[in-house]
Amino acid sequence: MIRAIRGVHDILPPESATWQHVEATARRVFEAYGYREIRLPVFERTELFARGIGEVTDIVQKEMYTFEDRAGESVTLRPEATASLLRAYIEHGLHVQPKPVRLYTLGPMFRYERPQAGRYRQFHQLDVEALGEEDPALDAELMLMLLEFFRALGLGDRVRLEINSIGDAACRPAYRARLTEYLTARAASLCGECRERIERNPLRVLDCKTPACRPVLEAAPRLADSLCAPCAGHFARVRACLDAAGVAYDVAPRLVRGLDYYVRTTFEVTSTHLGAQNAVAGGGRYDGLIKLLGGPPEAGNGFAVGIERVVLLLGQAVEPARPVALLIPLGQAAVARLLPVARDVRARGVAVELGYGGRRLRAELERANRLGVAVAVIVGDDELARGEATVREMKSGAQRAVPLAGLAAELLALGGRP
Ligand code: HAM
């Protein structure tokens, strides 16, 4: 037997109904804010991610599914959507549209991480990007929309918003130097991974979850104290907009994120109900990235939601659609009579399930029970001769005769259709 690859999941019914609900809610909320869908390929030239996400990030160094295609070109299964979306934005000249250009996309992403609860090698994101706008009100509006998405799913009180500013090219280098100096002096108290990161990507050290590293990191110089005046002003405006909208959030001074492209605002939505993988969404501003990828020097801003983690938070909350009836023909003549009835009812949007005449009545009634239908419709030779169907209420077991000519109307009424 061939099994699925480790860290990769099938999404089975009834859980797939929860996925549909999450996706439909996202589309409704995002589109109310003016975002439109863009569909992107799941693989790209490797160089796009190396340049876009950053050569020294964990994603690019350790987690990408990279291979040569048959022509010897290096291609990579996308580990995130932002770089692909910007590639498409630049390639198709979408920057000529009124700003900000608001786009969203959803689908599978691939990262070769160590699988655990809430962390997979193929996972799915809802990704939102707003391009070409520097105003801090946009950062706040994106967070508002993200929280509205969780509220619409009934998860408003299971998540919290954390925000930070990580400065820009004007103020971050000096901070980085101070931090490197601070961490180097205390390297002996840090874990191996942190020590390795001090030179390569010192900001990421701040994000370490190892308890032993905590004391050193908590006393580390804070980025918030090193922001240049424009970055500090931008961050103050983001917070003022959130405050004005009555949004609750925490300022998280060590929130640095795992991708290199961020400047100024970064944010995450976390939940205490998810265990170690507690981030259900993350994002921020990435002014400069569009230019780095060969486009115009424009601002950018966005976030991605991990759908698996949203589904984990929801649990089995969404009831899948059920058929209202099982039609049980007893014999081939009854099958021929019921097939078009089923088609007509289904064409009006009411789901019914049809038997094929070969099973015993008892087995079919047992199936009706397991399907959870309201009624079973039994048609045997006797019924056919009388031009009737026997309609059995599954809960009470009560049976009544209904003329075959009126059966479709009866089933439509059960499905709430006139
Ligand atoms: P990210 O923080 O790497 O950001 O991923 C966003 C979300 O995807 C995470 O908060 C998490 O819920 C989910 N996620 C990430 N990795 C996994 C995994 N291995 N298994 C399950 N879920 C996972 C980005 O990807 C950025 N592109 C977000 C962004 C968009 N920033 C600006 N625009």
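The values are calculated or read from the model by the stated rules, or taken from the named source; none is laboratory data. In this text, all values refer to a predicted model and were calculated from it rather than measured experimentally. Quick reminder, even Gly has a Cβ in these numbers, built from the backbone with ideal geometry, and neighbours come from all protein chains shown.
Here are a few things to note about the model shown:
- Residue within region 165-174 that is touching a strand residue (DSSP E or B) at 6+ places or on another chain (Cβ under 7 Å) and closer than 23 Å to Arg285 by Cα present: yes
- Taking the criterion of being away from the ligand (no atom under 13 Å from the Cβ), assigned to a helix (DSSP H, G or I) and not aromatic (Phe, Trp, Tyr), the residues of region 4-27 that qualify are Glu15, Ser16, Ala17, Thr18, Gln20, His21, Glu23, Ala24, Thr25, Ala26, Arg27.
- Every residue from region 381-418 that is within 18 Å of Ala333 (Cβ to Cβ) and in a helix (DSSP H, G or I): Asp381, Asp382, Glu383, Leu384, Ala385, Arg386, Leu404, Ala405, Leu407
- Cβ-Cβ contacts under 9 Å between residues 6 or more apart (or on different chains), taken from a first residue in region 301-326 that is closer than 14 Å to Val280 by Cβ to a second residue that is more than 16 Å from the ligand (Cβ to nearest atom) and of a type outside the set (A, V, I, L, M, F, W, C), are listed as Leu314/His21; Leu314/Gly154.
- Residue in region 235-251 that is closer than 18 Å to Val56 by Cα and charged (D, E, K, R) present: no
- One residue stands out among those in region 160-200 that are under 17 Å from Tyr261 (Cα atoms) and of a type in the set (A, V, I, L, M): the one that is modelled with the highest pLDDT, which is Ile163.
- Extreme residue, surrounded by the most Cβ atoms within 10 Å (Cβ to Cβ), among residues of region 367-388 that are without any contact (Cβ under 8 Å) to a residue 40 or more places away in the chain and under 46 Å from the mean Cα position of the chain (by Cα): Asn369
- Count of residues meeting criterion [free of Cβ contacts under 8 Å to residues at least 24 places away in the same chain, within 17 Å of Thr57 (Cβ to Cβ) and not in a helix (DSSP H, G or I)] in region 171-225: 1
- Scanning region 119-130 for residues that are near the ligand (Cβ under 6 Å from one of its atoms) and over 26 Å from Gly300 (Cβ atoms) returns Arg119, Tyr120.
- Flag for Val310 being more than 30 Å from Glu47 (Cα to Cα) and assigned by TED's automatic domain parsing to the domain that holds Leu274: yes
- The residue list Leu142, Leu48, Leu103, Leu86 contains one member that is more than 16 Å from the chain's Cα centre (by Cα), under 16 Å from Tyr286 (Cβ atoms) and surrounded by 21 or more Cβ atoms within 10 Å (Cβ to Cβ), which is Leu86.
- Applying a threshold of 6 Å to beta carbon distances and a minimum spacing of six or more residues, or different chains, the list of pairs starting in region 1-20 at a residue that is small (Gly, Ala, Ser) and ending at one that is part of a loop (DSSP other than H, G, I, E, B) and within 15 Å of the ligand (Cβ to nearest atom) reads Gly7/Pro115; Gly7/Tyr120; Gly7/Arg121.
- Unmet criterion (only one of (1) part of a helix (DSSP H, G or I); (2) over 21 Å from Arg400 (Cβ atoms)) for Val341: (2)
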